Amino acid sequence: MVLAQLGGSISRAIQQMSNATIIDEKVLNECLNEITRALLQSDVQFKLVRDMQTNIKKIVNLDDLAAGHNKRKIIQQAIFNELCKMLDPGKPAFTPKKGKTSVVMFVGLQGKLCLHPHVGSGKTTTCTKYAYYHQKKGWKPALVCADTFRAGAFDQLKQNATKAKIPFYGSYMESDPVKIAVEGVERFKKENCDLIIVDTSGRHKQEAALFEEMRQVSEATKPDLVIFVMDSSIGQAAFDQAQAFKQSVAVGAVIVTKMDGHAKGGGALSAVAATKSPVIFIGTGEHMDEFEVFDVKPFVSRLLG
Ligand code: GDP
């Protein structure tokens, strides 16, 4: 189920409940089951959905609600709050400061686990979008390509960076990503760039060696922020993969890509839960400026229509 449909299904479930003459246990359960089904079909992790249902039932105690209370409103508010809670880990991500050097490392899955196995999660594209977004606001960003695994990764970053007039660093010869990352970060620190973005190879948790490599890049460059980039179509695999990344490097934020596509999007909720990190941006297209700041409450409001 794609996100727009998810919102529609939830709104419909609430509407149906509102239409009932009396909102009793049975009507509430039907409504919650409908919402549960919609969330599961959108690939939200089962445990998250179950917890949400339990919490709403705890909050909405029908017996306690005096007759005068607007039960529908209270239930609606509880659903809204629970959806927000799923997306809000309770602490904000590290925010780089303009004029002060920050190193931001991007990590993410290899294409294999995405909906289309030959297409990546959008990490390299997102690095440029992130740089471009800040450049437009007067920052001095720079891009370092430490992806030595995927053929063409450096060319892609170079092309994107050139188009956006953002300085970049990488190598066709060097195969050690740690070395490239360190050199790139050093160079741009000297050039007084305030946002040094390190793109790394895509990988997944079954690949111990690649995970170790990612850990080493992180240890060597000491990023202020590690961003986990996730394709919104990843589905139920999201939780385990995101958790594995978090266990290896200090993931502090999530960016969900391809929110414009037919993805189910529920994986985003799972990634937040697994990394205990907020979604900070979403990708909404292939173009450099199809990139939006992510805010939980407006997003959930829009979802619920
Ligand atoms: P990587 O292998 O993870 O670095 O992935 P890439 O950056 O190469 O992106 C893979 C493909 O996804 C490319 O064709 C991108 O143009 C596309 N892509 C990236 N982000 C988005 C997005 O937000 N929306 C859409 N529709 N396509 C995207």
Given charges at beta-carbon only (K, R positive; D, E negative), |dipole| of the chain in Debye: 580
Pairs from 58/246; 97/136; 57/276; 123/246; 123/163; 98/190 whose Cα-Cα separation, in the structure shown, is over 19 Å: 58/246; 57/276
Mean separation of Cα contacts under 8 Å, 6 or more apart, over the residue count of the stretch 151-305: relative contact order %: 15
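Could you report the stretch 165-305's accessible area per residue, 1.4 Å probe, as an integer in Å²?
Details: 6040 Å² over 141 residues.
That works out to 43 Å² for each residue.
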Carbon plus sulfur fraction of accessible area for the chain, probe 1.4 Å, in percent: 52
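Below 8 Å between Cα atoms, with a sequence gap of 6+, how large is the relative contact order for the chain in percent? Display every interim value, and only then the final one.
On the way: 576 pairs, mean separation 73.6, N = 305.
Relative contact order, the chain: 24 percent.
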Residue-by-residue Karplus 3J(HN,Hα) for the stretch 241-255, coefficients 6.51, -1.76, 1.60, Hz, glycine and proline x: 5, 4, 5, 4, 5, 4, 6, 8, 10, 7, 4, x, 7, 10, 10
Whole-Hz ³J(HN,Hα) from phi, Karplus 6.51 cos²θ - 1.76 cosθ + 1.60, for the stretch 147-161, glycine and proline x: 9, 9, 8, 8, 4, x, 4, 5, 4, 4, 5, 4, 4, 4, 5
Residue-span extension gain [residue 173 to residue 85] - 0.36 nm each, minus C-alpha spacing: 27.0 nm
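What FRET efficiency would be calculated for the residue pair residue 37, residue 236, taking the C-beta separation as r and a Förster radius of 22 Å, to the nearest 0.05?
Working: r = 15 Å, r/R0 = 0.68.
Plugging the Cβ-Cβ distance into 1/(1 + (r/R0)^6) gives 0.90.
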Theoretical gain in end-to-end length, residue 149 to residue 247 [0.36 nm per residue, Cα-Cα removed]: 33.1 nm
Rounded to whole Hz, the Karplus (6.51, -1.76, 1.60) HN-Hα couplings of the stretch 209-225, x for glycine and proline: 5, 5, 5, 5, 4, 4, 4, 5, 4, 5, 5, 6, 9, 6, x, 6, 8
Among 182, 256, 198: highest mean-square fluctuation, GNM of the chain, C-alpha pairs under 10 Å: 182
Relative contact order of the stretch 128-191, pairs being alpha-carbon contacts under 8 Å that are 6 or more residues apart, as %: 34
Where the stretch 1-107 is the region considered: accessible area per residue in Å², 1.4 Å probe: 55
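Can you compute the FRET efficiency between residue 286 and residue 55 using 1/(1 + (r/R0)^6), with r the Cβ-Cβ distance and R0 = 41 Å? Round to the nearest 0.05. Mind showing how you got there, number by number?
Details: r = 38 Å, r/R0 = 0.92.
For R0 = 41 Å, the calculated efficiency reads 0.60.
The values are calculated or read from the model by the stated rules, or taken from the named source; none is laboratory data. Small disclaimer: the values here were computed from a predicted structure and weren't measured. Neighbour counts run over all protein chains shown; Cβ positions are idealised from the backbone, glycine included. To get the accessible areas, we keep the full protein, side chains included, count just its heavy atoms, and leave off ligands, DNA and RNA. Shrake-Rupley method; radii C 1.70, N 1.55, O 1.52, S 1.80 Å.
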